[in-house]
1. Could you tell me whether region 192-206 includes any residue that is among the polar types (S, T, N, Q), closer than 22 Å to Glu297 by Cα, in a loop (DSSP other than H, G, I, E, B) and in contact (Cβ under 8 Å) with a residue 40 or more places away in the chain?
2. Pro277 - would you say it is at pLDDT 95 or above, in a loop (DSSP other than H, G, I, E, B) and not polar (S, T, N, Q)?
3. Give the residues of region 51-100 that are surrounded by fewer than 16 Cβ atoms within 10 Å (Cβ to Cβ) and closer than 24 Å to Val144 by Cα, sorted by residue number.
4. (1) surrounded by fewer than 21 Cβ atoms within 10 Å (Cβ to Cβ); (2) assigned to a helix (DSSP H, G or I): which one isn't true of Ile234, the others all being true?
5. Conditions: (1) over 24 Å from the mean Cα position of the chain (by Cα); (2) under 20 Å from Ile4 (Cβ atoms); (3) surrounded by 14 or more Cβ atoms within 10 Å (Cβ to Cβ). Arg103 meets all but one. Number of the miss?
6. Scan region 151-179 for residues that are within 17 Å of Ala256 (Cα to Cα) and not acidic (Asp, Glu) and jot them down.
7. For region 12-86, list the strands (runs of 3 or more DSSP E) that sit wholly inside it and hold at least 3 residues that are out of contact with any Leu (no Cβ under 8 Å at 6 or more places or on another chain), farther than 19 Å from Ala2 by Cα and aromatic (Phe, Trp, Tyr); which are they?
8. May I ask you to list the residues in region 81-136 that are closer than 17 Å to Val16 by Cα and basic (Lys, Arg)?
Amino acid sequence: MADILVIKLGALGDFVLATGAFAAIRAHHAGDRVTLLTTAPFADLARASGYFDAVWIDPRAKLHRLGAWLGLARRLRRAGFARIYDLQHSDRTRAYFRLLGRRRPEWSGIALGCSHPHANPDRDAMHTVEREAEQLLMAGIDAVPPPDLTWLDAEVGHFGLDGRFALLMPGGSAHRPEKRWPVAGYAALADRLAARGTTPVLIGAEAERQALATIVRACPAARDLGGRTGLAEIVALARRAAVAVGNDTGPMHLAATAGCPSLVLFSDASDPALTAPRGPSVTVIARPSLEALSADEVMAALPG
């Protein structure tokens, strides 16, 4: 039995897109011990997946914390991994490759000098899913399934969502406001959905509380679940929802991969050809800016 390491540090959308690659690595190394190196927000998700025998937390130490870097290098060397799959492809993980020294294990990724490089000069123009599948093919794994979250579920009956409802996800990275459709657009969309007999259900973190409250004031029929849904609850709600609408943000990946008909709004701040959610029913609206996008346009594009 060999020890295998997979590196995937985040973010949420990237983690969800990598679930097909996780499944392929697990199947290829069915008789081996597979460990994931990730960050704390995704540890529970990784453990629930069943793809890994162990989950390590990477503290993502700053460059000046030399002791932490050397400590991780010692841990990696002591583990005696036979092969490492770097699905993060970052400057940080390439530095980890160098820290392993001359007696490095097999390494699948883009680190200079690795044993199984993803040797496609156009790799950065590929969608994450196809890029990871090609990387694994070059490492000897030729069957990579689509992203999958069938293993993730939660009890959501306590939310009392009877009848038809739609998930609205107006949030996103705080440092990337240009990726967001204005809150007024979501408020107008919620009002239109409610008028058609579909309850708007608002999903968001604590940081989105003010935005969600603004939508509820404009559309009292909306249900505000801000701060009340973990990742598993979002997936469970998505399986029951008629549709999900949101910005290019991690929870929309959860909804789309869970099978909910999903409409994802992209500005020029990100490229759907590279990072769009994957699922059985995903529609994308892409605009240079989302400022001028109308609720009527969004209503007309709703899938399902």
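1. Yes, there is a match, as at least one residue in region 192-206 is among the polar types (S, T, N, Q), closer than 22 Å to Glu297 by Cα, in a loop (DSSP other than H, G, I, E, B) and in contact (Cβ under 8 Å) with a residue 40 or more places away in the chain.
2. Answer is yes for this residue.
3. Passing the criteria: Asp53, Ala54, Ala82, Ser90.
4. The failed condition is (1).
5. With (1) over 24 Å from the mean Cα position of the chain (by Cα); (2) under 20 Å from Ile4 (Cβ atoms); (3) surrounded by 14 or more Cβ atoms within 10 Å (Cβ to Cβ) applied to Arg103, the lone miss is (3).
6. Trp151, Leu152, Ala154, Phe165, Ala166, Leu167, Leu168, Met169, Pro170, Gly171, Gly172
7. none
8. Within region 81-136, just Arg131 meets the criteria.
The values are calculated or read from the model by the stated rules, or taken from the named source; none is laboratory data. None of these values were measured; they are calculated from a predicted model. As a convention, Cβ positions derive from the backbone with ideal geometry for all residues, glycine included, and neighbour counts pool all protein chains shown.
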